[in-house]
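To start, the structure under review is shown below, and the notes come after it.
Here, each number is a calculation from the coordinates, and none is a lab measurement. The model shown is predicted, which means the values in this text are computed figures rather than measured ones. Please note: Cβ atoms are built from the backbone with ideal geometry, for glycine as well, and neighbour counts cover all protein chains shown.
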Number of protein chains: 2
Amino acid sequence: MELQLSQYHPVRFVDVRLEGDFWKERLDTVLKTTIPSQHKKLGEYGILESLKLPQPPPPLRFPRHANGFTVQVFWDSDVGKWIEAASYALSHRRDADIEAKIEAIVDDFEKAQEPDGYLNCWYLGHEPEKRFSNLRDNHEFYNAGHMLEGAIAYFETTGRRRWLGIMERYLDHIRSVFGPESGKKHGYDGHQEIEIALIKLYHLTGEKKHLDFATYLINERGKQSPHYFDIEREEREKKGWETQRYAQSNYEYSQSHMPVRQQTKVVGHAVRAMYMYTAMADLAAELNDAALKAACETLWNDVMITKMYVTAGLGPSAHNEGFTFDYDLPNQTAYAETCASVALIFWAQRMLHLDLDGKYADVLELALYNGALSGLSRDGEHYFYANPLESNGSAERWAWHTCPCCTMNVSRLVASVGGYFLSTAPDGLAFHLYGGISAKREVAGTLVEIREASNYPWSGEIKINLDPATPTRFDVKLRVPGWSKGHSIGVNGQAVTADAINGYVTINRIWTKGDTITMDMPMQPERLYANPGVIMDVGRVALKRGPLVYCIEEADNPGGAVQRLKLPRDAVLKSTTRADLFGGAVTLSASAKAIDPSDWHDLYRTSPPAESDATLTALPYYLWANRSRGSMVVWIPEA
Amino acid sequence: MELQLSQYHPVRFVDVRLEGDFWKERLDTVLKTTIPSQHKKLGEYGILESLKLPQPPPPLRFPRHANGFTVQVFWDSDVGKWIEAASYALSHRRDADIEAKIEAIVDDFEKAQEPDGYLNCWYLGHEPEKRFSNLRDNHEFYNAGHMLEGAIAYFETTGRRRWLGIMERYLDHIRSVFGPESGKKHGYDGHQEIEIALIKLYHLTGEKKHLDFATYLINERGKQSPHYFDIEREEREKKGWETQRYAQSNYEYSQSHMPVRQQTKVVGHAVRAMYMYTAMADLAAELNDAALKAACETLWNDVMITKMYVTAGLGPSAHNEGFTFDYDLPNQTAYAETCASVALIFWAQRMLHLDLDGKYADVLELALYNGALSGLSRDGEHYFYANPLESNGSAERWAWHTCPCCTMNVSRLVASVGGYFLSTAPDGLAFHLYGGISAKREVAGTLVEIREASNYPWSGEIKINLDPATPTRFDVKLRVPGWSKGHSIGVNGQAVTADAINGYVTINRIWTKGDTITMDMPMQPERLYANPGVIMDVGRVALKRGPLVYCIEEADNPGGAVQRLKLPRDAVLKSTTRADLFGGAVTLSASAKAIDPSDWHDLYRTSPPAESDATLTALPYYLWANRSRGSMVVWIPEA
């Protein structure tokens, strides 16, 4: 069956200029603060030092650094991801200092690389004889993937090919050991990621071997009897190398419990899952593979109908950093790793471009403004790894983490966020996100200057200017978000009546210089209820306005834990733009009831607590935990 | 300051015959099923095998048994605790088979004991050179304590002294290495327990050295600069022995963060804490130590006002198996280890006998009927280690555990539960618990036959017969539980008006053969509310009747997760004796509201769920998880 794929392709972030206040602030913070501070942390916590080979003898398996951190098998990936984020930053503003820091890292990697091309600093520094003996647990391919993405980004920004060359030699080596051919090991990655990087490299170089290797990895994954992870485990056991370090060795954990095209339920480690689905969607398009696309759609529905937090957080459990069972969405203990929401954005973008269906853009937007953005503090140098939906006040953003994956995932996302706004097709231009951008792209053979101005996500009033070089007919597709309860569109002041089909209004006409489109989607606060299967949210309500999910935080609701507040079902929700709050956030407020703790002395008593009138003020979730420590709730009890 | 201590002492369980249905059933189950099955499990899981020294070379540090369990440093204690429970069982009914099994274990211990008296099978089997190098983590004193309690119980039941002699030699050795004298190590146990055992041994033998060593351990604990656990850690580091096996090495974890008399907040591992407080209360009485008693009272208030589950479960966190911060009492993730509630019973009993204040007996009773008893299944061979107050249906009793401490704690408790009912003083007799017992004790110089008949905890109608050998004046103290909202008392049919003072009604008169006391405490279902500081329970209510806390379980409330049910505040609670349910349990039922899940397709939507009328049926908490798997809630949302 030949797939009917959308002809739309994303406009790259380097071709989209962010002009709206919302994303300009985040981008500035990431460029000025986050990227440099992340390099500093990579130094302080011994991560850069771990690349300097040979490591001093004796090669300790888990040497402790002065700060108490131990060398981790995945640190190469964090360096790779920082280079990727920093390279995206350089696309915005060149910076000799940052470039020198990247070059110094490349020097270390170049020195560390073995003559045969192998390059993994953890193995080379600690157990060189054991390389490629434990793909299940030890992240060699995962690291290579992130290093490769860093190398691609750095090359694309600076034209410098040294780092990319190092990675190409490493890939040549990997392909000399692994692959479908007889005589090679039929292994694949325990932590999926490299597939995405390989497809990027294929797009960059056009070399089919990279696409083929990504295809091999996806096709080989989950084959049974014997399972590759069992083969390599048995080899380790023979050599006395097997350790019990990782308890998570069940196949579901790494989505290798069955061939990917047969998978129908989302299981295991959330970030592994999302990276894999992203690659599957990429390959569905590249290979025109209907089975792969169908698997992606089935898995997508499974997440959306039973497993996603209202913030687009994924993975309720810290135990496996991942998925458990349907409707298991605890709030206070939600893991909802920042990386998983970032990776959901990647997957959603791929799905969106298979079908150009707004349901994917809705999730992309939800994850962007909530589950992913909540991972980065306002000051740009504090992070959440887990993103709970309730806190007793103990949750606090951290300055660094023994596993810093989320830090660079959110910086690379923000530094390239412009890449999610627009797509073009031979005969059309699609707007997915709004918030103030400009771009210049060829559409239907003519160069079009594009400008979208809005105060999104605070307002749904959008204004678009199109300046084609010559008057040209093409589709303009405007996404009408799922949250919109009614939209009005005008072209050059003339109302256009058009329903959204699959989430997009399409305007086909001959566009001329100076054409203006206006779209108004009134943003009203709304109440969301969870499926009663989500037992944690029974009797509770979440607040949302536009794409932003709200929470109540103690800083805005002083007087004790916010868990004491109840929101009557008929209370009117009022929106207020607060110039004093995070540069103009819109808060929601309502009359509420508060439990009165003042007359309590015992832990338990037979008379119910008194209630008093109160005002409840809600803040966008992504802004929480940026002031003093305090309690927070997304799902508010309804009175 | 001389302490004014209560003159009451518990009547030992061997002198109290259980005659009421409730405890007869539990005792029979433990004698017939639990004790023999626990021995079987000790065999199946390699625990008995681990006592057989020498272990086959090479001595693996963590050998895996066929069943996947690894040898644990605390297994000696589990064997000791089983001998204790089995010996209590033998007090009820001698059993040659069980006695032979104990003798076989004693053979192994005897063979394992070193010439100098040292006896720890884990160290001897695996790292003999490292003995006493890590009291912080490796349980040597803890094991010795439980082995000693087993030896005392076995001696008291059978008169056989061999096992006790082995333990006395081991204690001599311990005291030759550790103690306050210069030249000895000033160490103490990382897991408190041995103090309780030493005081028991002092009571048995009258040898003051055992009391002195217990006193030393309590007095030495928590001294700083240097802290003993640092001294031994530094020695391990010098020898290259320090491992990172235990992350829980902060002083609070083992309540060694400051001298015990200065401690005012309950912290750390819950079972360690409760065992220590038990010993502190014991020593307060033995040493007439006002500071120790005051510390116990301060710590008691801290638990009661901020840290105890409504079920008398203790320790909200699995992370440290213990305490966190005030009012942190999550329901679904409650750890509330069975052992901690059992140990709370020990502590409460000591506190009760310092002051004879019913507030301690209330907690003893609450822990007994709820947090502790919930740890043992109806069939007597399945267990809960953690006792959550809410379940999504995944919680299930297990047949065995890699750390089987709770299994034998609950069996030794039930096998000796008669010991919590009565106390005597030179001039009085006190009834703490009710439920049908008989005993024969000397009070005020005369032998009194005592019989208490009731259907407690299902009914508050109590009938007591006293047959003194000769007419004698003495106090009879009847505990009026804190849950009672009004009691009526009669002596030989004549009403007696008497208020309870500190939880006890005192009747002083000349008692004559055939005297009868009746006490009626009507048991009404009641609603309990939690202090609003317990944010998890805001808007929720717990149900209680007499000493029993109730829960709603899916087995009694079919149609989906019980979390869908809400109890209107004005709904009448009806008690029903259910002959069909666990031999006559009393259930509570009420009209309720149920969320209707039938019209849901999405995960989230903007319209609230529909509600329908329903009936809610609640079951005593200790009986949950004895039928099919399903959801359970203690704290029910109130509509």
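In the stretch B:231-303, Cα pairs under 8 Å separated by at least six residues give a relative contact order of 27 percent. Diffusion coefficient (Stokes-Einstein, Kirkwood radius over C-alpha pairs, 4 °C, 1.567 mPa s) for the stretch B:186-242: 103 µm²/s, rounded to a whole number.
With the simple spin-label model, which puts each label point 7 Å out from Cα in the Cβ direction, the B:GLU19 to B:ASP95 separation comes to 2.5 nm. Ranked for footprinting exposure by Cβ neighbours inside 10 Å, fewest first, B:LYS184, B:LYS566 give B:LYS184, B:LYS566. This ranking places B:SER77, B:SER631 by how few other beta-carbon atoms lie within 10 Å of each, fewest first, which gives B:SER631, B:SER77. For the residues of A:383-394, the average number of beta carbons from a partner chain within 10 Å of their own beta carbon is 1.
Taking 1.002 mPa s as the viscosity and 20 °C as the temperature, the Stokes-Einstein diffusion coefficient of the stretch A:478-532 based on its alpha-carbon Kirkwood radius rounds to 165 µm²/s. Computed over neighbours whose Cβ is under 10 Å from that of A:PRO547, the net charge equals 0, Lys and Arg +1, Asp and Glu -1.
Among rounded, prolate and oblate, which fits chain B when a ≥ b ≥ c are the square roots of the eigenvalues of its C-alpha gyration tensor, a/c under 1.5 means rounded, and a/b larger than b/c means prolate? Verdict is oblate for chain B.
Label separation (A:GLU181 vs A:LYS265): 4.0 nm, computed from points 7 Å beyond Cα along the C-beta direction. For the stretch A:229-332, the gyration tensor built on C-alpha atoms gives an oblate shape. Its axis ratio a/c (a ≥ b ≥ c) is at least 1.5, and a/b is not larger than b/c.
Relative contact order of chain B, please, whole-number percent, based on alpha carbon pairs below 8 angstrom and at least 6 residues apart. Averaging sequence separation for qualifying contacts and normalising by length gives 13 percent for chain B.
Measuring spread by the Cα atoms of the stretch A:165-286 yields a radius of gyration and Dmax of 14.8, 43 Å. Inter-chain neighbour count for B:97-106: the average number of beta-carbon atoms from partner chains within 10 Å of each residue's beta-carbon is 0.
Across the stretch B:366-496, C-alpha contacts under 8 Å between residues 6 or more apart give a mean separation that, scaled by the residue count, equals a relative contact order of 15 percent. Over all other residues within a Cβ to Cβ distance under 13 Å of B:MET258, the charged ones net out to +2, with Lys and Arg as +1 and Asp and Glu as -1.
Note on B:SER607 and A:ASP613: with the Förster distance fixed at 22 Å, the Cβ-Cβ geometry gives a FRET efficiency of about 0.25.
A crude spin-label estimate for the pair B:GLU110 and A:ASP28, with each label 7 Å from Cα along the Cβ direction, gives 8.5 nm.
As a rough footprinting exposure proxy, the listed residues B:MET280, B:MET258, A:MET536 were ranked by other beta carbons within 10 Å of their own, and the order from fewest upward is B:MET258, A:MET536, B:MET280.
Across peptide B:593-601, the mean count of Cβ atoms from other chains lying within 10 Å of each residue's own Cβ comes to 3. Among the DSSP helices (H) of chain B, those spanning at least 15 angstrom by Cα along their long axis with an average Kyte-Doolittle hydropathy of -0.5 or more are B:75-92, B:96-112, B:140-158, B:162-177, B:194-205, B:270-287, B:290-306, B:338-355, B:405-415; this is a geometric and hydropathy rule only. Shape class of the stretch B:298-397 from the Cα gyration tensor (axes a ≥ b ≥ c, square roots of the eigenvalues): oblate, since a/c reaches 1.5 or more and a/b does not exceed b/c. Using the Cβ-Cβ distance between A:ARG161 and A:ALA639 with R0 set to 56 Å, the FRET efficiency works out to roughly 0.30. Each residue of the protein assembly as shown gets 187 Å³ once the volume of the Cα convex hull is shared out per residue.
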